[in-house]
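Worksheet: the structure to be examined is printed underneath.
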Amino acid sequence: MESRLKIAVQKDGRLKEGSLQILRECGISLDNGDSLRAQARNFPLDILYLRNSDIPQYVEDGVADACIIGENTLVEK
């Protein structure tokens, strides 16, 4: 079974498009996915689209391996 890296990003909000742009600039090509998840076509990576306030908990619980969040969310959580 292939192990896939899971990165959580905002499903809506100011950081969503910028987060996806960073991944594209890294050469990661994403499928369209659904409203909650997308897979990279060229890398063992899944993007999880989550509510901003839920992202830190998903990382803490190990559901997501990493995340892209704003500093305000990081400080609050």
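The values are calculated or read from the model by the stated rules, or taken from the named source; none is laboratory data. On a predicted model such as this, the values are computed, not experimentally measured, just so you know. For neighbour counting, all protein chains shown are included, and Cβ atoms are generated from backbone atoms with ideal geometry for every residue, glycine included.
Helices (runs of 4 or more DSSP H) fully within the chain that include at least 1 residues being among the β-branched types (Val, Ile, Thr) and touching a residue at least 40 places away in the same chain (Cβ under 8 Å): 14-25, 55-60. Residue count for the range 9-56 under the criterion of being out of contact with any Leu (no Cβ under 9 Å at 6 or more places or on another chain) and not small (Gly, Ala, Ser): the result is 15. The number of residues in the range 12-64 that are among the charged types (D, E, K, R) and more than 23 Å from Val75 (Cβ to Cβ) comes to 7.
Taking the range 60-76 as the range and being at pLDDT 90 or above and touching a Gly at 6+ places or on another chain (Cβ under 9 Å) as the test, only Ile68 passes.
Matching residues to (1) more than 17 Å from Gly18 (Cβ to Cβ); (2) surrounded by 12 or more Cβ atoms within 10 Å (Cβ to Cβ):
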| site | (1), (2) |
| --- | --- |
| Leu30 | no, yes |
| Ser35 | yes, no |
| Gln39 | yes, yes |
| Asp46 | yes, yes |
| Leu50 | no, yes |
| Ile55 | no, yes |
| Asp61 | yes, no |
| Cys67 | no, yes |
| Gly70 | no, yes |
